[in-house]
Structure formats: structure tokens, C-alpha cells
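The structure under discussion appears below in the form of C-alpha cells.
The values are calculated or read from the model by the stated rules, or taken from the named source; none is laboratory data. Just so it is clear, the model here is predicted, and its values are computed rather than measured. A quick note on method: Cβ atoms are made from the backbone with ideal geometry, for glycine too, and the neighbour counts reach across all protein chains shown. Accessible surface areas use protein heavy atoms only, side chains included; no ligands, DNA or RNA. Shrake-Rupley method; radii C 1.70, N 1.55, O 1.52, S 1.80 Å.
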Amino acid sequence: THDGCRTWSLVFTNPDADGFWDALQFDGTRFGVILGDPVQGSFTMFVTYDGGGQWTRQMNPCLRTMEPKQGAFAASNQSLAIVPLQDANSAPGTGTNHQIWFATSGGWLYSVELAPLELISATRGISAANDCTHVRALPLGSKDSAGIFALAFRDSTDGVAVGGDYAQPQNGTNTAAFTMDGAHWHVALHPPAGYRSTVGWNPTDESWIAAGSSGSDISRDNGNSWQPLDQGSWNAISLPFIVGPDGRIARLISWGQLHVLNQAPIAAVSASVKE
């Protein structure tokens, strides 16, 4: 689309008969990535350097699955993250290399490094094998319903991954991990209270917010400890907004913003609104 979503043109379809795409992300410029479930033992990845007009399959050994029957989750379009985001005004090929992170079942995180080139026909999308990382950030076993569902970075080094078992939404064991160097991941000391399918960085008060079908949580120490925020049922975050089943949409606002919106002292806000 080039007119704010009023009209659309089809530019690319999945070439794999048994393929399934999980996520689509752009870096703020014309560089974008599609992540798909494994085909013939490797995750599928397509890259565009022209805003989505042309897509090139990445033939990379880093994409080989670490476990049989492995897959990614499409619950919130957050199984894929591009680090770092680029300045939208930067010329093609002038940015730093992109680190492409994606999350899978079993609690695995994969990382592939790609150069921000305008054209990649010379290498045909093939990266060196030593440019990849495979780490089991959350010990979640091999159940089809368990894994990392969402990951996000607030800069090139600090990131959070959340997940769990969607078949056991109240189980808070191994539901979050974090990194402070962009490479090594640690299981949260005090994880979210249940399965979480989405996570986002809130720069207003420098906190992380994670949410899922059994509620939401907040972390103010880069993802190591989480406290309950609400008990709503949610699917995806794009702060300050969050969406859930049956068309539910909510907006995160601070108490200061609430005071301005109501034009009344915070003490005058009803208990039901505060809740």
C-alpha cells in the first residue's frame, strides 16, 4: 500500500506449498524481513531492501532447526525482531549490520547477521555460518504449545523475550528472559504470572510491559523481575495501545496523563477507573 491502506497490491506470495509465515518486520527504512516456519528442516526467511517490492530467500545454515518439529508463533507478530533499527533518512548501505533475532518453540532464540545492502545479488543472501547464534533462553521442553512467543529490544543490547505454555496460561514458570549485552540471555528471577504472547518497551517510565491471555505484568529492572499490572486477556502490544479478543483495545496512560484527561485531581478519579 502507498496510500495509507486504502488500496493494496499483491507483491509476493509464499512459494512453499507447505510453508507458513509467522512475522513481518521492517527496520524503519526500506529493509524488511519475513520469518516462516521450517521447510525441509530450515526456517524460512525472506529479505527486502526496497520496501517490499522484491523479496530474496536467505539460504543460511543458521536457519536449520535445532529440534525436530520446531516452529515459530504468529500470535503477536513479535517472534521476529530486527536490531538495530535504522534512521529512516539514512541512505541504503550506510547503516550498521542488522542482527535478526527470532523466537521458536522449545524456548529457543536464533540470531542471524545481515548487512544493510541495497542489493544482495552478489552474495545471493548467503551469510557466513559464524554470524549466527542459537541459545535456549527458556527451558520449556518440547511441547508444541510452549516456547518464546515474543521478543523486543529497546536498543542494540537490551532486550526481553516472553512466552510460556499457551495451553497452561496461568503457569508462570519460565515465562521471561532478558539480555543486557545483546548476546547472553538470562531467565527472569521473578517472571510474569502466566503465559505471555507480547512484550513492549515503555519509554515514558522506562519499563517493560508483557501481556497474554491471563493478564499483564510490568518490569522496571530490564526484565529480571515482573509485577502484575492487570488481569485482562490480551494478544498484542503496540504501545501505548494493546489489543485483545472480541475487539478489545486499551491505551496505557500515566496517572499524570489521566489527571490531564479528566481535568480533575487524581484523588477525584473513581476507584473503578483506577482499577
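Can we say PRO203 is in contact with a Ser or Thr (Cβ under 7 Å, 6 or more places away or on another chain) and either open to solvent by less than 10 Å² (accessible area, probe 1.4 Å) or touching a residue at least 24 places away in the same chain (Cβ under 8 Å) (or both)? Working first, answer last.
Numbers: in contact with a Ser or Thr (Cβ under 7 Å, 6 or more places away or on another chain): no; either open to solvent by less than 10 Å² (accessible area, probe 1.4 Å) or touching a residue at least 24 places away in the same chain (Cβ under 8 Å) (or both): yes.
Spelling it out, it is not the case that PRO203 is in contact with a Ser or Thr (Cβ under 7 Å, 6 or more places away or on another chain) and either open to solvent by less than 10 Å² (accessible area, probe 1.4 Å) or touching a residue at least 24 places away in the same chain (Cβ under 8 Å) (or both).
Restricting to the stretch 18-39, name every residue that is at pLDDT below 95 and open to solvent by 60 Å² or more (accessible area, probe 1.4 Å).
ASP18, PHE26, ARG30
Counting only residues that are in contact with a helix residue (DSSP H, G or I) (Cβ under 8 Å, 6 or more places away or on another chain), give me the strands (runs of 3 or more DSSP E) lying completely in the stretch 154-193 with at least 1 of them. Walk me through it before giving the result.
Values: elements: 159-165, 176-179, 185-187.
Result: empty, no element qualifies.
For residues in the stretch 215-263 being under 12 Å from ALA193 (Cβ atoms) and modelled with pLDDT under 95, which is least open to solvent (accessible area, probe 1.4 Å)?
ASP230
(1) closer than 30 Å to LYS143 by Cα; (2) modelled with pLDDT under 95: which one isn't true of GLY212, the others all being true?
With (1) closer than 30 Å to LYS143 by Cα; (2) modelled with pLDDT under 95 applied to GLY212, the lone miss is (2).
Can you pull out the residues in the stretch 223-252 that are within 19 Å of the chain's Cα centre (by Cα), assigned to a loop (DSSP other than H, G, I, E, B) and under 14 Å from SER213 (Cα atoms)?
If the condition is that a residue be within 19 Å of the chain's Cα centre (by Cα), assigned to a loop (DSSP other than H, G, I, E, B) and under 14 Å from SER213 (Cα atoms), then SER233, TRP234, ASN235, GLY244 are the ones that fit.
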